[in-house]
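Following: one structure in structure tokens, then a few remarks.
Every read-out reported here was derived from the displayed coordinates using simple, explicitly stated rules and does not represent laboratory data. Note that this is a predicted model, so its numbers are computed, not measured. For neighbour counting, all protein chains shown are included, and Cβ atoms are generated from backbone atoms with ideal geometry for every residue, glycine included.
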């Protein structure tokens with residue numbers, strides 16, 4: 001494996017030759033199944049929620065997670081420097097994913113917290129304080145330090161190939177393997 005410790009971003013960006021190439025790139029990325037989450041926070045203009053599928057764990061010590069938010073998202077600029085929650089959705093919560101993706105419908109039920117609001121009854125949640133924000137091209141990568149978390153049993157809502165799908169809960173969770 002090559003040593004990548006000294007590789008830096010060159011600062012140059014790839015220019016797409018046209019819409020078809022960008023569409024094909026997005027379609028290729030869509031082959032990777034991801035979970036679906038809602039990032040929630042209170043900003044200067046009120047409470048916000050953003051549907052995301054770009055969420056990863058970064059570190060166990062300290063406990064850090066990362067969400068990638070499009071710069072075109074209406075609430076993008078309001079998230080900077082604010083506590084937030086990441087709410088992993090269960091398979092039965094597709095209506096919430098659509099609500100926060102710009103198709104309002106089902107009104108969310110909120111749980112107020114001392115750090116940030118979160119949704120009621122998600123499959124899992126992570127309440128975070130701001131750790132760092134990084135330029136990610138047309139997105140910003142927000143890293144949060146987890147100050148509260150929990151999970152419940154259930155199937156997960158997933159997104160793959162431009163469609164919602166379900167990831168069934170396994171009989172044995174990773175916690176039992178450790």
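Out of all the residues in segment 119-142, is one or more over 22 Å from residue 65 (Cα atoms), surrounded by 13 or more Cβ atoms within 10 Å (Cβ to Cβ), over 15 Å from the mean Cα position of the chain (by Cα) and in contact (Cβ under 8 Å) with a residue 40 or more places away in the chain? Before you say what the answer is, go through the steps one by one.
Here is the first cut: in segment 119-142, the ones over 22 Å from residue 65 (Cα atoms) are none.
Scanning segment 119-142 turns up no residue that is over 22 Å from residue 65 (Cα atoms), surrounded by 13 or more Cβ atoms within 10 Å (Cβ to Cβ), over 15 Å from the mean Cα position of the chain (by Cα) and in contact (Cβ under 8 Å) with a residue 40 or more places away in the chain.
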*Identity of the residue in segment 44-76, within 21 Å of residue 95 (Cα to Cα) and without any contact (Cβ under 8 Å) to a residue 60 or more places away in the chain, that ends up surrounded by the most Cβ atoms within 10 Å (Cβ to Cβ)*: 52
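Inspect all residues belonging to segment 79-97 and state whether any of them is exposed (fewer than 12 other Cβ atoms within 10 Å of the Cβ), without any contact (Cβ under 8 Å) to a residue 40 or more places away in the chain and over 15 Å from residue 149 (Cα atoms). It would help to see each step written out before you state the result.
Let us first name the residues in segment 79-97 that are exposed (fewer than 12 other Cβ atoms within 10 Å of the Cβ), namely 81.
From what's left, without any contact (Cβ under 8 Å) to a residue 40 or more places away in the chain: none.
The answer is no; no qualifying residue exists.
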